[in-house]
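In what follows, a single structure is set out as structure tokens and then discussed.
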There are 2 protein chains.
Amino acid sequence: VFGRIVGSAATAEPAENGNALSSASAARERSLTMETLNPNVKAVEYAVRGPIVLKAVEIEKGLQQGMKRPFEEVIKANIGDAHAMGQQPITFLRQVVALCTCPELLESPAFPEDAKIRARRILQGCGGKSLGSYSDSQGVDCIRKDIAAYLERRDQGVPANWEDIYLTTGASDGIMSILKLLVSGQGLSRTGVMIPIPQYPLYSAAISELEAVQVNYYLDEEHCWALDVNELRRAYWEAKRYCNPKVLCIINPGNPTGQVQSRKCIEDVLHFAYEEKLFVMSDEVYQDNVYSPDCQFHSFKKVLYEMGPEYFDSVELTSFHSTSKGYTGECGFRGGYMEVINMAAEVKAQLVKLLSVRLCPPVSGQAAMDVVVNPPQQGEPSYPQFLKEKMLVLSALAEKAKMTEEILNKVPGIKCNPVQGAMYAFPRIFIPPQAIEEAKALGMPPDMLYCLRLLEETGICIVPGSGFGQKEGTYHFRMTILPPTEKLKVLLEKLSAFHIKFLEEYAALQEPSR
Amino acid sequence: VFGRIVGSAATAEPAENGNALSSASAARERSLTMETLNPNVKAVEYAVRGPIVLKAVEIEKGLQQGMKRPFEEVIKANIGDAHAMGQQPITFLRQVVALCTCPELLESPAFPEDAKIRARRILQGCGGKSLGSYSDSQGVDCIRKDIAAYLERRDQGVPANWEDIYLTTGASDGIMSILKLLVSGQGLSRTGVMIPIPQYPLYSAAISELEAVQVNYYLDEEHCWALDVNELRRAYWEAKRYCNPKVLCIINPGNPTGQVQSRKCIEDVLHFAYEEKLFVMSDEVYQDNVYSPDCQFHSFKKVLYEMGPEYFDSVELTSFHSTSKGYTGECGFRGGYMEVINMAAEVKAQLVKLLSVRLCPPVSGQAAMDVVVNPPQQGEPSYPQFLKEKMLVLSALAEKAKMTEEILNKVPGIKCNPVQGAMYAFPRIFIPPQAIEEAKALGMPPDMLYCLRLLEETGICIVPGSGFGQKEGTYHFRMTILPPTEKLKVLLEKLSAFHIKFLEEYAALQEPSR
């Protein structure tokens, strides 16, 4: 019977999935079509997992099925996914999460005492002492307290209130929730959200989805992608003519640009936010990823505090962090938190209500977040191994950041700012006029053509700068520095060779003889 | 220095958090206020974690601090959170997730071979063989395949295509994503979403957030909360006058109502959906929670298949499932999936794009979902223990469902339909006219007054029927049947005594002598 039913349905299959709606042969109109789809969804773009990546997956599957290509494997340098690139998890973090998952392991001598202490504490905070209970929508209380304690240590004593901490499903979820609160008004009074260009496309995607107004301010490529407050001012006043710019998004260290903002710059920005009553969202998920010896991470909150109570008690600031980056790279756990300061109590109640509809962030991700903010301390049994693992990851990243910049800057037609922090290089590339025309004829941005060609010829998957935004007439790409050092080196060399060939090919096209 | 900074900030604290925006003493206007808050967020209501629950948490904290109350503890029967009520996790599920988290445990003899096989298979599907990598936005391929295989077994051979399966962050996330695609148009052409009344308030909350139009169809309390297709038709045609009703949401087994729909009813509903080209969303998260011996779970998909290819190849149907319910009750992992059938290929691409902005569902939740659909089979070493644990949970739930109905129906002024499935009773309660008037004077629904009084007098936390919707002039509450049998019995007896006292008290108020 089983076989028969499957068989009979199989014959019906082509009609089931094959037809695009637009096909004239579609027997029957659908309710949900490209025409009736939510236009805000249609407007969303997310290049980090966009067409190039779909193409890469397709090529990868082809390779697995034995298809011949001029390369053996696809290297995905499109997304900050450390473990997928071979980075090893931090042992201690995994031990704590496994102990929480299987509390019987608390009896096992194979697990160190400091991991057990943390796991017991987390379980104590969970309903029924189980990771399988819903937590409060804001997250598990004791984890929120650990985060507040971490923030006070990180910011050298600037007070943090655990009730201002909200666990999230990765940082993206927190950013989306806060933006959701902020969007209102119609026409000229519609909320404008200021974002850096280049930006991480979660921001533009969220703005499209929420039908807010995107207000671009440009980072200064000539000055290592610095944020110039004059440019912020220009963008703000221009936006005033068509919307109500009231949200300022900052990414520090920068994604995709890799810069680490100076303390002075942050102070200027906060002063500006204070003056114009902007709600500041500071995306600080790369706070542990700073490589340049001349650079230091300054949290927006700490700088705000140092500006005095007039600022610290009034500027509305929410900052975001995550388990996905840093030296842990635990993207799959979807752990994250946000600290919300100077939000009106009534609005906070609305935030909690909004979060409660989705019940709670994944509790195992919350446990992972707890370890990120509360790692082994000197004197604890796991400390030596933890420190070794942490330093191994961070020193390799620092080395790769430097190497990437150096190799890319040797290539004619590529110019790469120092990768001071985060996990990406965002070099500027010269694209010959003939290639630009070809891309235009194909209806794609020139750097998309570049990245597609690179993928097809070398198997390297990177993301075109147009997916992040860039000054008109300039072209870039974003690549991660995450592949293992040796592999990254090969990747950079292949990329360099491709670039030179690409330039030569289109230069040849330009010669009058053709 | 540390102490000093903390100290000096503490003095500034009252100004920081204490002031509600409306307070005249607020030094400075905020950007985000109740006035500027997104009105769609303001409109969201979610009773399951609403004011009663906030009050319960407050009372609980008071008790912990030694406050005197006429009870020792707060019993939260407001939410389907099995582990918080003492239900034990299924050992096998936790073993697989722990093995995936700490792959070193794959070497440990303490873990059974069948759990190891599943963990190895899941890790093989993860980037870098790590739970810490992002998965594809649709979820890990091999888990999607396991789900498809499960669906074919469940539906006795009805074909399931793994590419139609999308992992989600709990079912709520999937429901929200699909609704997001479906909302469009303005005025008369704005998307109408048909939902049962009573409903699970995720639906009304999502509709508010997305600014869709809520179209109510009423379940038939007199007939055990059956879904009558004539009522569906009435609601549809009435809605046509003010919106474009194109989505039909079904919850089976019902939440909060606990009914299990008959095959005949499902067929009628699908026929109606076919006729009116409705997009059907079937929330089937309680598919493993059926207790009445006369009832059986029929999936919407299987019924659609049996109606023939004319239906199976055209009705747009998405069904949802989760790790949170069933006999696993793993709410905290936020695991879930949806099966999307008859969606146009181009629209599916848009769905993937939308999901990709949030990167992926938590991978540990995906692993938990894999165990739900692929539990130990006869002959595998973990099978006997698994079966014992599963039966223990399900038989206790069946017993508690029956006991709840029986005890409640003995109380004058309470009438409870049989709890055929899911995890809740939703009895109708008589509220005396004087209490109704008192509630109105207090600006709250009468059943809210009832639940608040119950909470304050007994520590029992349940949710008023008004949070789920009910016929005008009727009053209900929702309570879970999850507390351990003995505790549930005490709870029901306390509730009965409260109800009688409540009736007497207000009857006395009505006597002319007062």
Let me spell it out: the conditions are (1) buried (at least 21 other Cβ atoms within 10 Å of the Cβ); (2) in contact (Cβ under 8 Å) with a residue 24 or more places away in the chain; (3) over 20 Å from B:K116 (Cα atoms), and B:L394 meets all of them except one. Which number is the exception? (1)
Quick check, is A:K400 crowded, with 20+ Cβ neighbours inside 10 Å, of a type outside the set (V, I, T) and without any contact (Cβ under 8 Å) to a residue 40 or more places away in the chain? no
All but one of (1) away from chain B (no Cβ under 14 Å); (2) more than 23 Å from the chain's Cα centre (by Cα); (3) closer than 27 Å to A:V372 by Cβ hold for A:Y286, so report the exception by its number. (2)
The one condition in (1) open to solvent by 10 Å² or more (accessible area, probe 1.4 Å); (2) within 14 Å of chain A (Cβ to nearest Cβ) that B:A273 fails to fulfil: (1)
Being over 26 Å from B:E113 (Cα atoms), open to solvent by 10 Å² or more (accessible area, probe 1.4 Å) and not β-branched (V, I, T) is the requirement here; does B:L359 meet it? no
So which residues in region A:333-349 are at the interface with chain B (Cβ under 7 Å from one of its Cβ atoms) and under 19 Å from B:S172 (Cα atoms)? A:F333, A:R334
Test for B:V44: is it more than 23 Å from B:T257 (Cβ to Cβ) and open to solvent by less than 10 Å² (accessible area, probe 1.4 Å): no
Output the number of residues of region A:118-131 satisfying the condition of being over 10 Å from A:A367 (Cβ atoms), touching a Leu at 6+ places or on another chain (Cβ under 9 Å) and either in a loop (DSSP other than H, G, I, E, B) or within 11 Å of another protein chain (Cβ to nearest Cβ) (or both). 2
Meets criteria (open to solvent by less than 30 Å² (accessible area, probe 1.4 Å), closer than 22 Å to A:Y286 by Cβ and either among the hydroxyl-bearing types (S, T, Y) or in contact (Cβ under 8 Å) with a residue 24 or more places away in the chain (or both)) for A:V411: no
Looking across region A:132-155 at residues that are more than 21 Å from B:G50 (Cα to Cα) and not in a helix (DSSP H, G or I), the single one that is farthest from the chain's Cα centre (by Cα) is A:G132
Is it fair to say A:L179 is out of contact with any Lys or Arg (no Cβ under 8 Å at 6 or more places or on another chain), buried (at least 20 other Cβ atoms within 10 Å of the Cβ), within 23 Å of B:P39 (Cβ to Cβ) and touching a residue at least 60 places away in the same chain (Cβ under 8 Å)? yes
Members of region A:250-274 that are under 27 Å from A:A398 (Cβ atoms) and without any contact (Cβ under 8 Å) to a residue 60 or more places away in the chain: A:I250, A:I251, A:N252, A:Q261, A:S262, A:R263, A:K264, A:C265, A:I266, A:E267, A:V269
Could you tell me whether any residue of region A:428-439 is surrounded by fewer than 17 Cβ atoms within 10 Å (Cβ to Cβ), of a type in the set (S, T, N, Q) and not assigned by TED's automatic domain parsing to the domain that holds A:P201? yes
Search result, residues across region A:118-143 that are touching a strand residue (DSSP E or B) at 6+ places or on another chain (Cβ under 6 Å) and open to solvent by 10 Å² or more (accessible area, probe 1.4 Å): A:Q138
Which residue pairs have Cβ atoms closer than 7 Å, lie 6 or more positions apart in sequence or on different chains, and pair a first residue in region B:275-293 that is outside the structural domain of B:V419 (by TED's automatic domain parsing) and touching a residue at least 40 places away in the same chain (Cβ under 8 Å) with a second residue that is open to solvent by less than 10 Å² (accessible area, probe 1.4 Å) and among the aromatic types (F, W, Y)? B:E276/B:Y236; B:D283/B:F320; B:V285/B:F320
Which residue, of B:G170, B:G185, B:G157, is facing chain A (nearest Cβ under 10 Å), in contact (Cβ under 8 Å) with a residue 12 or more places away in the chain and open to solvent by less than 10 Å² (accessible area, probe 1.4 Å)? B:G170
Exactly one condition in (1) over 25 Å from the mean Cα position of the chain (by Cα); (2) at pLDDT 95 or above; (3) on the phi > 0 side of the Ramachandran plot is false for A:A422; which is it? (1)
Return the pair list, or none, for Cβ contacts closer than 6 Å from residues in region B:131-154 that are hydroxyl-bearing (S, T, Y) to residues that are part of a helix (DSSP H, G or I), at least 6 apart or on different chains. B:S133/A:H83; B:S133/A:A84; B:S133/B:G127; B:S135/B:V363; B:S137/B:V352; B:S137/B:L355; B:S137/B:S356; B:Y150/B:V373
Determine, yes or no, whether B:F386 is in contact with a strand residue (DSSP E or B) (Cβ under 6 Å, 6 or more places away or on another chain), closer than 30 Å to B:V373 by Cβ and aromatic (F, W, Y). no
Please name all residue pairs, on different chains or six or more residues apart, with Cβ atoms under 7 Å, provided the first residue is in region B:38-49 and is within 13 Å of A:K180 (Cα to Cα) and facing another protein chain (nearest Cβ under 7 Å) and the second residue is surrounded by 18 or more Cβ atoms within 10 Å (Cβ to Cβ) and among the β-branched types (V, I, T). B:N38/A:V183; B:V44/A:V357
Looking across region A:208-225 at residues that are in contact (Cβ under 8 Å) with a residue 60 or more places away in the chain and away from chain B (no Cβ under 14 Å), the single one that is surrounded by the most Cβ atoms within 10 Å (Cβ to Cβ) is A:W225
Can you name every residue in region A:189-207 that is open to solvent by 30 Å² or more (accessible area, probe 1.4 Å) and either of a type in the set (D, E) or within 10 Å of chain B (Cβ to nearest Cβ) (or both)? A:S189
Test of understanding: among A:V6, A:V57, which residue is facing another protein chain (nearest Cβ under 9 Å), in a helix (DSSP H, G or I) and at pLDDT 50 or above? A:V57
Search result, residues across region A:86-117 that are surrounded by fewer than 18 Cβ atoms within 10 Å (Cβ to Cβ), without any contact (Cβ under 8 Å) to a residue 24 or more places away in the chain, facing chain B (nearest Cβ under 9 Å) and assigned to a loop (DSSP other than H, G, I, E, B): A:S108, A:A110
Please specify each residue of region A:302-338 satisfying the condition of being part of a loop (DSSP other than H, G, I, E, B), open to solvent by 10 Å² or more (accessible area, probe 1.4 Å) and among the basic types (K, R). A:K325
Sole miss for B:D283 among (1) open to solvent by 30 Å² or more (accessible area, probe 1.4 Å); (2) under 28 Å from B:P309 (Cβ atoms); (3) charged (D, E, K, R) is condition (1)
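The values are calculated or read from the model by the stated rules, or taken from the named source; none is laboratory data. Keep in mind the model is a prediction, meaning the values are calculated, not measured. All Cβ positions, glycine included, derive from the backbone under ideal geometry; neighbour counts span all protein chains shown. Surface areas here come from the heavy atoms of the whole protein model, side chains and all, with no ligands, DNA or RNA. Shrake-Rupley method; radii C 1.70, N 1.55, O 1.52, S 1.80 Å.
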